[in-house]
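Colleague: Sending over a structure as structure tokens; questions will come in a sec.
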Amino acid sequence: MKIGILGDTHDHLPRISQAVDLLNREANDLFLHTGDFISPFVIPVLAGLEGTVVGVFGNNDGDRDLLKNRCRESGNVRIEGNFHDMEHEGLRIALLHGHEKELLADLIESGLFDLVVHGHTHQASVSSFGRTLVINPGEVCGYLTGFPTVALFDTRSLEGTILPLPVDINREIHTR
């Protein structure tokens, strides 16, 4: 099974739609969001993911109560607070935004997790520390790097993959 991973969406609706389309083609029915949704109006777009969407808050998320309300209305999106510890297909997964560097380092180095998923840096990466795979899907928005990305995690091979989103200059011009 492939888990879709995205984050740092920062209200960029056209890019979020691209990410939803790509992840619906590539992943199965679980999607993880590393935070920085920013505004509640992104939740209905994320609800287009065909499965369960589990997210955490990022350091830039605004009205958290309204974000949670929109999630309840969506039927398939939920935000679990600042940190979420879950088990999926026998694998223990930590999900957080990653802006608290010491916490992120402690979780990675603890050896308690098969997978640690985080965002915040906007830099896509897949790395290992001991038995723990660490995935940062990068940024859906493309604001800081200019390279919008998402990620996949294969629960069978235990491998992470970064997937670029198409950069459509015409779409960029029309959304400003």
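Each value in this text was obtained by applying a stated rule to the coordinates, not by laboratory testing. Bear in mind that the values here come from a model prediction, so they are computed numbers and not experimental data. All Cβ positions, glycine included, derive from the backbone under ideal geometry; neighbour counts span all protein chains shown.
Colleague: Would you confirm, using the coordinates I've provided, whether residue 127 is free of Cβ contacts under 8 Å to residues at least 24 places away in the same chain, closer than 25 Å to residue 25 by Cα, outside any strand (DSSP E or B) and small (Gly, Ala, Ser)?
Modeller: So residue 127 fails the test.
Colleague: If you scan segment 132-164, which residues turn out to be in contact with a helix residue (DSSP H, G or I) (Cβ under 8 Å, 6 or more places away or on another chain) and either buried (at least 24 other Cβ atoms within 10 Å of the Cβ) or not in a loop (DSSP other than H, G, I, E, B) (or both)?
Modeller: Step one: filter segment 132-164 for residues in contact with a helix residue (DSSP H, G or I) (Cβ under 8 Å, 6 or more places away or on another chain), giving 132, 134, 140-142, 148, 150, 152, 163.
The answer is 132, 134, 140, 148, 150, 152, 163.
Colleague: Hey, among 51, 81, 75, 58, which residue is small (Gly, Ala, Ser) and in contact with a strand residue (DSSP E or B) (Cβ under 8 Å, 6 or more places away or on another chain)?
Modeller: Only one candidate qualifies: 51.
Yes/no per residue for (1) touching a residue at least 24 places away in the same chain (Cβ under 8 Å); (2) part of a helix (DSSP H, G or I); (3) in contact with a Ser or Thr (Cβ under 6 Å, 6 or more places away or on another chain):
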residue: 3; (1), (2), (3): yes, no, no
residue: 8; (1), (2), (3): yes, no, no
residue: 11; (1), (2), (3): yes, no, yes
residue: 17; (1), (2), (3): yes, yes, no
residue: 20; (1), (2), (3): yes, yes, no
residue: 31; (1), (2), (3): yes, no, no
residue: 38; (1), (2), (3): yes, no, no
residue: 43; (1), (2), (3): yes, yes, yes
residue: 58; (1), (2), (3): yes, no, no
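Colleague: I'd like the residue in segment 51-74 that is surrounded by fewer than 16 Cβ atoms within 10 Å (Cβ to Cβ) and of a type outside the set (S, T, N, Q) and, out of all such residues, is nearest to residue 18 (Cα to Cα).
Modeller: 51
Colleague: Also, I was wondering about something else. For the list (1) of a type in the set (A, V, I, L, M); (2) buried (at least 20 other Cβ atoms within 10 Å of the Cβ); (3) not in a loop (DSSP other than H, G, I, E, B), I need the number of the one condition that residue 105 fails.
Modeller: (2)
Colleague: Sticking with this structure for a sec: For residue 79, work out the one condition from (1) among the hydrophobic types (A, V, I, L, M, F, W, C); (2) free of Cβ contacts under 8 Å to residues at least 40 places away in the same chain; (3) within 18 Å of residue 3 (Cβ to Cβ) it doesn't fulfil.
Modeller: Residue 79 satisfies all of (1) among the hydrophobic types (A, V, I, L, M, F, W, C); (2) free of Cβ contacts under 8 Å to residues at least 40 places away in the same chain; (3) within 18 Å of residue 3 (Cβ to Cβ) except (2).
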